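These notes are about the structure you will find just below.
The values are calculated or read from the model by the stated rules, or taken from the named source; none is laboratory data. Keep in mind that what you see is a predicted model, and the values were worked out from it rather than measured. Reconstructed Cβ throughout: ideal geometry from the backbone, glycine too, with neighbour counts over all protein chains shown.
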Amino acid sequence: MFKHFLVGAVVVTTLSGCADMGALSSDTYSVDQAKQTQSVTYGTILSTRPVTIKGGQAGDPNMLGMIGGAVMGGILGNTIGGGSGKNVASAAGAIAGGMAGQEIESVLNQTKGVELEIRTDSGGDIVVVQKQGKEAFSKGQRVRVVRGGTATTVSPL
């Protein structure tokens, strides 16, 4: 009974730690951006390039996935064998589960993005990276650039 509860708690904790990538697209605004004045400029796309956006900081270990995977692997390993073999299986399960959990969290915390190089109508060039949404961007396309606080989003006209 306790093992089932523990496994469920670890899974919920691990999944709740995944980054919310929805806020990275041009059609989603955060609570902080709503009802705030934002500046608008217009421009033309010079180039586009597909990119991958990863959650967290580059090089950060995926601790929740690693810990959750290690706990689940240890519990599963504990069900194998008996005596000292059970201890070895638990340790091996924890190590393998930690590695698998870290990799799973890494995959879950990334999304497809697009890098947009834009020449604004004022003559300056900017680069904006955002989640690839429903809209397709192409060279020469006219766009609207919205800036507010630390966020910048690009939308087709």
* Structure fact -> Restricted to the stretch 141-150 and to residues being out of contact with any Phe, Trp or Tyr (no Cβ under 8 Å at 6 or more places or on another chain) and either among the charged types (D, E, K, R) or over 12 Å from Gly43 (Cβ atoms) (or both), the residue surrounded by the fewest Cβ atoms within 10 Å (Cβ to Cβ) is Thr150
* To do: Considering only the stretch 56-92, state which residues are of a type outside the set (A, V, I, L, M), at pLDDT 70 or above and more than 20 Å from Gln110 (Cβ to Cβ).
  => Gly73, Gly74, Gly77, Asn78, Thr79, Gly82, Gly83, Ser84, Gly85, Lys86, Asn87, Ser90
* Boolean, Thr41 is surrounded by 17 or more Cβ atoms within 10 Å (Cβ to Cβ), at pLDDT 75 or above and polar (S, T, N, Q) -> no
